[in-house]
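K.L.:
Here it is, the structure in full.
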Amino acid sequence: MIFGSSTRVRVFVYREPVDMRKAYDTLSALVEGPMKKSLLSGDVFAFIGRTRKRAKALYFDGTGLCLLCKRLETGHFAAPWKRPGEGPLELTMNELALLLEGSELALRVRLSPMPYRPMADGAHA
């Protein structure tokens, strides 16, 4: 797994179509601006292009920013902008894998339970 331990990494998908010419700095601005997330958290931030043929994932691996780019030869990525709600969509690593494969099931319904994360006050999430 290129993103490290799948139980500790959170995945967030930007809800709007993104110009796939954007690179590190502009995608970073989307993470810290509209997504209101910390770029250096080690979380994965995914972006889908308007035509849904290209996607990018941005993450910090502890030493620098990494950018994964993918172009589908057939099919389309799921469109996060068609999902109701506001703010970034949170996925599991398995759901991200399906999204990046171009699976028709991606983003339709929750396919995996969210990982257990104890809350700071000792209560369970």
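The values are calculated or read from the model by the stated rules, or taken from the named source; none is laboratory data. On a predicted model such as this, the values are computed, not experimentally measured, just so you know. Note that we place each Cβ from the backbone using ideal geometry, even for glycine, and neighbour counts take in every protein chain shown. All accessible areas refer to the heavy atoms of the entire protein, side chains included, with ligands and DNA or RNA removed. Shrake-Rupley method; radii C 1.70, N 1.55, O 1.52, S 1.80 Å.
K.L.:
Answer yes or no as to whether Glu90 is part of a strand (DSSP E or B), within 14 Å of the chain's Cα centre (by Cα) and touching a residue at least 60 places away in the same chain (Cβ under 8 Å).
P.N.:
Details: part of a strand (DSSP E or B): yes; within 14 Å of the chain's Cα centre (by Cα): yes; touching a residue at least 60 places away in the same chain (Cβ under 8 Å): yes.
So Glu90 fits the description; yes.
Here is a yes/no grid of residues against (1) open to solvent by 10 Å² or more (accessible area, probe 1.4 Å); (2) part of a helix (DSSP H, G or I); (3) among the hydroxyl-bearing types (Ser, Thr, Tyr):
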site: Met20; (1), (2), (3): yes, no, no
site: Leu30; (1), (2), (3): yes, yes, no
site: Phe47; (1), (2), (3): no, no, no
site: Arg52; (1), (2), (3): yes, no, no
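K.L.:
Now for a separate question. Is there a residue in the stretch 73-94 that is open to solvent by less than 20 Å² (accessible area, probe 1.4 Å) and hydroxyl-bearing (Ser, Thr, Tyr)?
P.N.:
Yes, that holds for at least one residue.
K.L.:
Among the residues of the stretch 35-45, count how many are open to solvent by 50 Å² or more (accessible area, probe 1.4 Å) and either part of a loop (DSSP other than H, G, I, E, B) or aliphatic (A, V, I, L, M) (or both). Spell out the reasoning first.
P.N.:
Here is the first cut: in the stretch 35-45, the ones open to solvent by 50 Å² or more (accessible area, probe 1.4 Å) are 36-38, 40-41.
Now drop any that are not either part of a loop (DSSP other than H, G, I, E, B) or aliphatic (A, V, I, L, M) (or both), which leaves 36-38, 40.
Of the residues in that region, 4 qualify.
K.L.:
Continuing with the same structure: Just to be sure, is Lys70 out of contact with any Asp or Glu (no Cβ under 7 Å at 6 or more places or on another chain), charged (D, E, K, R), part of a strand (DSSP E or B) and open to solvent by less than 40 Å² (accessible area, probe 1.4 Å)?
P.N.:
For Lys70, the condition - out of contact with any Asp or Glu (no Cβ under 7 Å at 6 or more places or on another chain), charged (D, E, K, R), part of a strand (DSSP E or B) and open to solvent by less than 40 Å² (accessible area, probe 1.4 Å) - is not met.
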